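Okay, structure first, notes after.
What follows is calculated from the coordinates using simple rules that are stated; it is not laboratory data. Predicted model, so just to flag it, every value in this text is computed and none were measured. For neighbour counting, all protein chains shown are included, and Cβ atoms are generated from backbone atoms with ideal geometry for every residue, glycine included.
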Amino acid sequence: MDASYKHPVVAVVGPTATGKTALGVELAKHFSGEVISCDSMQIYKGLDIGTAKVTPEETCGIPHHGVDILTPDKAFSVADFTAMAGKLEEEISARKKLPILWAAQGCMFRAFCMGCVLQRKKHLPVCGSSWRRNWLQKAVLPCTKN
């Protein structure tokens, strides 16, 4: 195996109301995974209706990270997200679980997968992590509803 290989990561990506939540939960059940939300609004507590936020019932007990962790008066940037998601990805993998990225809109997801780190003062992307870039180009398929 290539020395740059880290661990598998699955992405469930598609527009709102296409079945991503159910698919993510089923994948997590089948492959012993945990979900990382890449949604820029579901991170906020109380913004449930306009964000189609996953309900506790819909999670079926599968951990969903990055949901309901901040109050709406707190800022949360792409840089904050990539740092959080990177840490979560490593923690989930260290527990021998499969990280499952779950996204409807692409800004946070793309930044994470491309390995971009935004410098807080300059707001300029510094992209690296070629394994994520290669993975994104080869492995992301849209989620569609039948």
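For the range 90-96, putting each phi into the Karplus relation 6.51 cos²θ - 1.76 cosθ + 1.60 with θ = phi - 60° gives couplings of 5, 5, 5, 5, 5, 7, 6 Hz, in residue order, rounded to whole numbers and with x for Gly and Pro.
For Ile36, the residues whose modelled amide H falls within less than 5 Å of its own, excluding neighbours fewer than 5 places apart on the same chain, are His65, Ile100, Leu101, Trp102.
Judged by the mean number of other Cβ atoms found within 10 Å, the most tightly packed of the peptides 74-85, 46-57, 19-30 leads the ranking 19-30, 74-85, 46-57. Amide H contacts under 5 Å for Ile43: Asp68, restricted to partners 5 or more places along the chain or on a different chain, H placed in the peptide plane at 1.01 Å from N. Summing +1 for each Lys or Arg and -1 for each Asp or Glu among the other residues whose beta-carbon sits under 15 angstrom from that of Val54 gives -3.
For the range 1-109, the percent of C-alpha pairs falling in each 5 Å distance bin, counted from 0 to the bin holding the largest distance, reads 2, 12, 23, 26, 20, 11, 4, 2, 1, 0. Karplus-based coupling profile of the range 27-42, in residue order and whole Hz: 4, 5, 5, 5, 10, 6, x, 9, 9, 10, 6, 9, 8, 6, 10, 5, with θ = phi - 60° in 6.51 cos²θ - 1.76 cosθ + 1.60 and x standing for Gly or Pro.
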